[in-house]
Amino acid sequence: MSRALATARSVQGNRPSLRTLPAGLEAARLPVHVAVIMDGNGRWARQRNLPRVMGHREGVEALKRTLRLCSDWGIGALTAYAFSTENWNRPGEEVSFLMALFERVLALELAALEQEQVRIRFLGDLQQLPSGLQELIANAESRTAANTGIHFNVCTNYGGRRELVRAARALAEQVARGDLDPAAIDEQAFAAQLHTAGERDPDLLIRTSGEQRLSNFLLWQLAYAELHITDVLWPDFDEPALVQALLDYQSRQRRFGGVDSVTP
Ligand code: IPE
Ligand code: IPE
Ligand code: MG
């Protein structure tokens, strides 16, 4: 049995429709960790003369779709950018809608995530989120902590710079207490202070809606990720769009600064 299928079976839970890996993709060369900047919800809505928030609602469907496909195909981790530290600058009604949407979706989807063996975590400065959402997050994280399937990380009030500053401060505090020798701070020790501690770095970053920037996402962790930028707007992101991203990834030669080609 292929690695993808074997993993998929083990995480299937009670879900009946398990998607097999499309022809053309090599199970052994799939990215282990996929990160996605889910962009273009507002433009999707504008194209349909709908309020921007309708794009966010539809974006949830795209995320559920993407998570299930990644899980079925044996991808180990999916990290999605849901709300940045800069997104508070949006109109108050849009921010409130998004917070309420996160709460509603989490409450509605938790049982299915639990059953499908998904381990969910929220990465970011969570203390700034509404208290009801914080409680739902804590509950979802603890109820799925022992799950053995895909790692699903939702970056919420996440900012790469804020994460790096927080890590630097945590290390500085350990040094000030006398618990840490500054000479012992290496890349591994630094990475252990990030929200993503314990997760390997993303192999593939997908950004939808054509923007060619990182927008403060995973600044440390994306150092050697392969980048796939598609014009597809996030709410339209579907199986063919994901297959396209994975084929693109499998066509790359990862060198990690060396000269020999290393297959992904
Ligand atoms: C991404 O879609 C979702 C969030 C940032 C929450 P946008 O809302 O940024 O959509 P565009 O970029 O305006 O089309
Ligand atoms: C990045 O998208 C943040 C999320 C997808 C959550 P933005 O739409 O906020 O990024 P910019 O403003 O275009 O850089
Ligand atoms: Mg955007």
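What follows is calculated from the coordinates using simple rules that are stated; it is not laboratory data. Given the structure is predicted, the values throughout are model-derived calculations rather than measurements. We place every Cβ from the backbone using ideal geometry, glycine too, and count neighbours over all the protein chains shown.
Could you tell me what fraction of 2.2 N^0.38 Å the Cα radius of gyration of the chain comes to, as a two-decimal ratio?
Dividing the Cα radius of gyration by 2.2 N^0.38 Å gives 1.02.
For a Förster distance of 22 Å, can you work out the FRET efficiency between the beta-carbons of I185 and L219, rounded to the nearest 0.05?
E(calc), rounded to 0.05, equals 0.75.
Which three numbers, in whole Å and largest first, are the semi-axes of the equivalent ellipsoid of region 137-180 derived from its Cα gyration tensor as √(5λ)?
Taking √(5λ) for each Cα gyration eigenvalue gives 29, 15, 9 Å.
So, with +1 on the Cβ of K and R and -1 on the Cβ of D and E, and no other charges, what is the size of the charge dipole of the chain about its Cα centre, to the nearest 20 debye?
It works out to roughly 380 debye.
Considering the options A184, S215, G257, tell which one lies farthest towards the positive end of the dipole of the chain, charges being +1 on Lys and Arg and -1 on Asp and Glu at the Cβ, about the Cα centre.
S215
Once every DSSP H run of n ≥ 4 in the chain is given -39500 (n - 2.57) and the sum is divided by its residues, what mean residue ellipticity at 222 nm do you get, rounded to the nearest 500 deg cm²/dmol?
-13000 deg cm²/dmol
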